Amino acid sequence: MAMAAQADTPLRLLAEDAEDLAIISAALQDAVTHVGDIDYQPAARTLTVCFNRFRWEKGAEHGGERVRVGLQLGGVLKVLQRHLRCEAKDAVLSLLAMEFEPGEPPGGVITLHFAGGGDLRVEVECIDAVLADVSAPWRCSKAPRHEVAVEG
């Protein structure tokens, strides 16, 4: 796994196993995209998604920063969606997490879970993921927040 050395350096990550993919998932938590920014190319066997990700590595003081980032998954065999409004290209999706379910080694399924219960299931022959910041960061007014349920 290659990682940026400083918080001001653009993030560049490679994933070749489930542990690496978990790091990319953490970097993309609360990233937002439009349905139209999801591009599946069956002939090239790639899925590319452009997100605006919150820069967790910079912290959330004064709202924090976002940056445009590209995620590309290689070795894609099939992509299935569930509960996403794919006809509405401007619909906004907020990524909660990505997870890997092993299948026939070294393949399996990478699932992108979005807020509201939608997801993309990406069948892959192996884990081959690249994440790269592709713009300068910009300030945002609010950091993402998650409500924590307290039982008692």
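The values are calculated or read from the model by the stated rules, or taken from the named source; none is laboratory data. Predicted model only: the values in this text are computed from it and were never measured. Glycine gets a Cβ as well: all are built from the backbone with ideal geometry, and neighbour counts include every protein chain shown. Accessible surface areas use protein heavy atoms only, side chains included; no ligands, DNA or RNA. Shrake-Rupley method; radii C 1.70, N 1.55, O 1.52, S 1.80 Å.
How much FRET efficiency would the formula 1/(1 + (r/R0)^6) give for SER141 and ALA115, where r is the Cβ-Cβ distance and R0 is 25 Å, rounded to 0.05? The pair SER141/ALA115 has a calculated efficiency of 0.85.
Charge tally around GLU125: other residues with Cβ under 11 Å, Lys/Arg +1 each, Asp/Glu -1 each, net -1. Near LYS89, once Lys and Arg are set to +1 and Asp and Glu to -1 for all other residues with Cβ below 14 Å from its Cβ, the sum equals -3.
In this structure the amide hydrogen of LEU84, modeled in the peptide plane, comes within under 5 Å of the amide hydrogens of ASP119, none closer than 5 places in sequence on its chain. Each peptide in 15-25, 118-128 receives the mean, over its residues, of other Cβ atoms within 10 Å, and ordering these scores from highest gives 118-128, 15-25. Each stretch of four or more DSSP H residues adds -39500 (n - 2.57); spread over every residue of the chain, this sum gives -2000 deg cm²/dmol at 222 nm. Heavy-atom surface analysis with a 1.4 Å probe gives region 1-102 a carbon and sulfur content of 53 percent of its accessible area.
For the peptides 134-143, 42-51, the ranking by packing is 42-51, 134-143, with the highest mean count of neighbouring Cβ atoms within 10 Å listed first.
Could you work out the relative contact order of region 25-118? I mean the mean sequence separation of Cα pairs under 8 Å and 6+ apart, divided by the number of residues, in percent.
Taking the mean separation of contacting Cα pairs over the length of region 25-118, I get 31 percent.
Below 14 angstrom from the Cβ of ALA136, what's the summed charge of the other residues (Lys, Arg +1; Asp, Glu -1)?
On the way: positive: ARG53, ARG55, LYS58, ARG66, ARG68, ARG139; negative: ASP8, GLU65, ASP133.
Once all neighbours under 14 Å are counted, the net charge is +3.
Angle between the Cα long axis of helix 18-28 and the longest principal axis of the chain, 0 to 90 degrees, nearest 10? Rounded to the nearest ten degrees, it is 40.
Give the shape of region 1-99 as rounded, prolate or oblate, defined through the alpha-carbon gyration tensor: a ≥ b ≥ c are the square roots of its eigenvalues, a/c under 1.5 means rounded, and otherwise the shape is prolate if a/b is larger than b/c and oblate if not. Numbers along the way, then the final one.
Details: a/c = 2.14, a/b = 1.31, b/c = 1.64.
Taking the square roots of the gyration eigenvalues as a ≥ b ≥ c, region 1-99 is oblate.
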